[in-house]
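First up is the structure itself, then whatever we jot down about it.
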DNA sequence: ATTTTTAATGCAATTTAATTGCATATACTA
DNA sequence: TAGTATATGCAATTAAATTGCATTAAAAAT
């Protein structure tokens, strides 16, 4: 259920099955961590036009296929949504970890705790991001 | 203690007292909510060069005078740090509320709860942002 | 299978954001 | 008040994002 076929995902969302869309999904699904727009562009830039990539990412986000996480620089990063996501309400409220060394964003299991929102304010989504040094970069340091 | 004079803030941080720096602090202190780089630029663009503004914001962030909050678009927003902030460790771990209508970011009192970080990962900062409709925009809606 | 309809892609051009180098101007120090 | 250090503004550059439109490709209908 979780790791579905790109073609199925497209069909379920009434999106045309194009080479470019399939490639984007493949690339994003390949990595456990979220991948940034610039990195995607580096990887796919020769097979997919820059503008098309922007458009694909936007439609995927609208449909709830991907979720977008903004890192500490303001750069957009994308990861596959869990199957519980739907077009207009992402259920993506888990902790993200943004490594300030390698810049990767990890989707971690930890759920976002219940947060007390003041009267008058209505929250739709809550984003919880930890910034620091990840697993791999922590180990790498010891060898320096 | 909390609402200090711009000139004092500059002196305490060994920064030269310039017209531009004072204006930036005044402008940011004027609003309880954080203010975005583009909005600052609109307000100050005639008195301060665009590049200078970037540079001032960066030095303020480095010194711990301002903290930067990235909104859901990836745009930088700035607010005055509480007096507990120091140059290399911001103590800014409260809830931010980003209104998706007026785009303002509010610094709310709610503290960021303790978050369980997996082994191997080391977190330095934790960002907690709620997205939704603020106080004012919620009220405004009812009149439509 | 072929045609028709609908939508996605790529390209060119434009707009907006951010950064760099350097000459000039300004604030603080002695 | 002169000297020094540094901040500013301007010009130029680089990078990111968006828009319009002609072309191409996919799915639906025949």
Completion exercise
So the strands (runs of 3 or more DSSP E) completely within segment B:43-144 holding 1 or more residues that are away from chain A (no Cβ under 11 Å) and either more than 30 Å from residue A:110 (Cβ to Cβ) or modelled with pLDDT of 90 or more (or both) are B:66-70, B:76-80, B:105-111
Exercise for the section: Output the number of the condition that residue A:4 fails; it satisfies all remaining conditions of (1) surrounded by 17 or more Cβ atoms within 10 Å (Cβ to Cβ); (2) away from DNA strand D (no atom under 13 Å from the Cβ). Expected result: (1)
Exercise for the section: Please verify whether segment B:20-42 includes one or more residues that are surrounded by fewer than 17 Cβ atoms within 10 Å (Cβ to Cβ), outside any helix (DSSP H, G or I) and over 12 Å from the mean Cα position of the chain (by Cα). Expected result: no
Exercise for the section: Quickly run through segment B:23-33 and pick out the residues that are touching a strand residue (DSSP E or B) at 6+ places or on another chain (Cβ under 8 Å) and either within 14 Å of chain A (Cβ to nearest Cβ) or within 10 Å of DNA strand D (Cβ to nearest atom) (or both). Expected result: B:32, B:33
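The values are calculated or read from the model by the stated rules, or taken from the named source; none is laboratory data. Just so it is clear, the model here is predicted, and its values are computed rather than measured. All Cβ positions, even for glycine, are placed from backbone atoms using ideal geometry, and neighbour counts span all protein chains on display.
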